[in-house]
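Below: the structure, in structure tokens.
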Amino acid sequence: MIEFGFVDLGISFDGIDSLDPNGAPVHIFGYEMEPFCVAKTTVMLEMMKDVSTSPRSIVEEWMSSLWTQATYNTFQSSANVILQRAANSSDEKGVHEKLKAILNFLGKVPKMPRKEAITFQLKGTTIGDLLTFMQCCSLSSEVDRVAATRYYLTKALYEDEETTVGSVVMCHTKEEIGIKQLFSSCTEAVPSFAHLSSIFYLSGDRKKEYRKASSSFMGRAKDYLEDKMENYMKCVHKGTLIFIPKLGTVSANNKEMIKEVKEMDPFIVSWSNIIDYIEPSSIHAIAKEISGHNTIHYVHSCNWTSRVYGTDILDINDKAKLFFYSLGLITCEQSAGIYIGIAENAPHHYRNICSIGLGRKYVDTFFRYFFHGEDVSCACFASKCPLPMPYPFSRNDATAFVVFAYKESGIKFGQDAYEF
């Protein structure tokens, strides 16, 4: 399996419950252009190998500006283990020099006191980001609104007596080697279904209902992340999941990477939202080059609406604007009812409200643009629409998700097929 633009753990984390911990090993090769992201994930995976490391420690490393002493100790020892292993290795490729510089820095960072870490995060917060505060206002409970706002301001997913140390990856910068202030938001990382009002989830060996595990919005987010991480770590410990993060840029000029991936004969290639930044012709040229007989490609686009006319309320006739605004309001109100703690009349920018209906009207136009001249089969596994139900904490309600395969492979998606 290939993960382009994996950032942290990519879809391997989202789909970990589909992997049998006692099954055959699955190898995932991740390619990411940002050295800091690769270094961070490399340390995270090394931390997981230690059976004494808790799922919470990994989630702290990933999502929180405050760590426990145990997380700090495990993180730094893991960074140094990776460097020592590279120094003793005869592999000429080994660890990239950019990664070595970052790991060497991270492995020696002195402890930052809790108060100093919070101050560092507050100084780096963009108060003018009205969207985030509107998202927080979409929560019906005052306790939830305060907790979500505090998390955005402090980045402290965990804030208790044990979290006494500032995050090494979120509270330290050194731009000359590629370390910038970093923040992975748990409100975006946790999918909307973790907050559904009436559904049970199976994860690992446990049956867990997140709405009962915690009555709070942030509590459900932590429960979801820790539960998933526990299952992820179990697969790592048993050797069922082998994730190998690599430094690499997706480009037609990167012949070495293309050749390497092609030789792996991948069964799944995840592109993240790279299609937002590369022309369709270039994506397909690379995709067809690396595809084997059983390769399925998974992509999503956050910015597709900028490629298709008619998806912005300012594009359309004045007489139709009220219709699409009303349609968006009704859809938001209906979708709020399926989640716990989401207000029916949550604040949204009117253009975002209108894009809910307009996006569904014109998303097929985007697919016709993206797949122009290509003979493919497509699928949408969640529903017959590639756009998810509106959810206030989504990065973008108009994000389009689709799976495809080139027809020459003979792959068909049956009842999940999506025709555009």
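Remarks
- Elements of type helices (runs of 4 or more DSSP H) in region 1-92, at least 3 residues being surrounded by 22 or more Cβ atoms within 10 Å (Cβ to Cβ): 35-49, 55-63, 69-88
- Qualifying residue in region 342-352 (condition: in contact with a Ser or Thr (Cβ under 7 Å, 6 or more places away or on another chain), over 14 Å from P390 (Cβ atoms) and crowded, with 20+ Cβ neighbours inside 10 Å): no
- Test: residue in region 301-324 that is touching a residue at least 60 places away in the same chain (Cβ under 8 Å) and closer than 19 Å to A405 by Cβ: yes
- Residue that is nearest to A398 (Cα to Cα) [pool: residues in region 303-324 that are of a type outside the set (A, V, I, L, M, F, W, C) and open to solvent by 80 Å² or more (accessible area, probe 1.4 Å)]: S306
- Selection from region 115-143 of residues that are open to solvent by less than 10 Å² (accessible area, probe 1.4 Å) and closer than 28 Å to G337 by Cα: C136, S138, L139
- Leading residue by the ranking (nearest to N253 (Cα to Cα)) among those in region 9-42 that are over 18 Å from the mean Cα position of the chain (by Cα) and not polar (S, T, N, Q): H27
- Test: residue in region 208-217 that is open to solvent by less than 40 Å² (accessible area, probe 1.4 Å), at pLDDT 90 or above and in a helix (DSSP H, G or I): yes
- Tabulated pairs, region 273-293, first farther than 12 Å from F370 by Cβ and open to solvent by less than 20 Å² (accessible area, probe 1.4 Å), second in a helix (DSSP H, G or I) and not hydrophobic (A, V, I, L, M, F, W, C), C-beta under 8 angstrom, 6+ apart or interchain: I290/K262
- From the list V299, V250, the lone residue that is in contact with a Phe, Trp or Tyr (Cβ under 7 Å, 6 or more places away or on another chain), part of a strand (DSSP E or B) and of a type outside the set (G, A, S) is V299.
- Verdict on S89 being of a type in the set (S, T, Y), closer than 21 Å to M47 by Cα and touching a residue at least 12 places away in the same chain (Cβ under 8 Å): no
- Matching residues in region 399-415 - criterion: being out of contact with any Pro (no Cβ under 9 Å at 6 or more places or on another chain) and open to solvent by less than 50 Å² (accessible area, probe 1.4 Å): V403, F404, A405, Y406, S409, I411, F413
- Top-ranked residue of region 360-398 - restricted to ones that are open to solvent by 10 Å² or more (accessible area, probe 1.4 Å) and among the β-branched types (V, I, T), ranked as farthest from H348 (Cα to Cα): V376
- Look at (1) in contact with a Cys (Cβ under 8 Å, 6 or more places away or on another chain); (2) open to solvent by 40 Å² or more (accessible area, probe 1.4 Å); (3) in contact (Cβ under 8 Å) with a residue 40 or more places away in the chain and you find that H96 fails only one, number (1).
- Top-ranked residue in region 116-128 [being closer than 17 Å to Q181 by Cα and not hydrophobic (A, V, I, L, M, F, W, C); ranked as modelled with the lowest pLDDT]: T126
- Condition check for L153: within 28 Å of H349 (Cβ to Cβ) and touching a strand residue (DSSP E or B) at 6+ places or on another chain (Cβ under 9 Å): no
- Verdict on Y298 being open to solvent by 30 Å² or more (accessible area, probe 1.4 Å), under 17 Å from Y277 (Cα atoms) and touching a residue at least 24 places away in the same chain (Cβ under 8 Å): yes
- Extreme residue, farthest from the chain's Cα centre (by Cα), among residues of region 357-386 that are at pLDDT below 90 and among the hydrophobic types (A, V, I, L, M, F, W, C): C385
- Residue in region 148-168 that is modelled with pLDDT of 90 or more, open to solvent by 70 Å² or more (accessible area, probe 1.4 Å), of a type in the set (D, E, K, R) and closer than 23 Å to I340 by Cβ present: yes
- Answer residue from region 169-196, given it is under 21 Å from A336 (Cα atoms) and touching an Asp or Glu at 6+ places or on another chain (Cβ under 9 Å) and is surrounded by the fewest Cβ atoms within 10 Å (Cβ to Cβ) among those: P191
The values are calculated or read from the model by the stated rules, or taken from the named source; none is laboratory data. Every value quoted in this text rests on a predicted model; they were computed, and no experiment measured them. No Cβ is skipped: glycine too gets one built from the backbone with ideal geometry, and neighbour counts run over all protein chains shown. Surface accessibility is based on the protein's heavy atoms, side chains included, excluding ligands, DNA and RNA. Shrake-Rupley method; radii C 1.70, N 1.55, O 1.52, S 1.80 Å.
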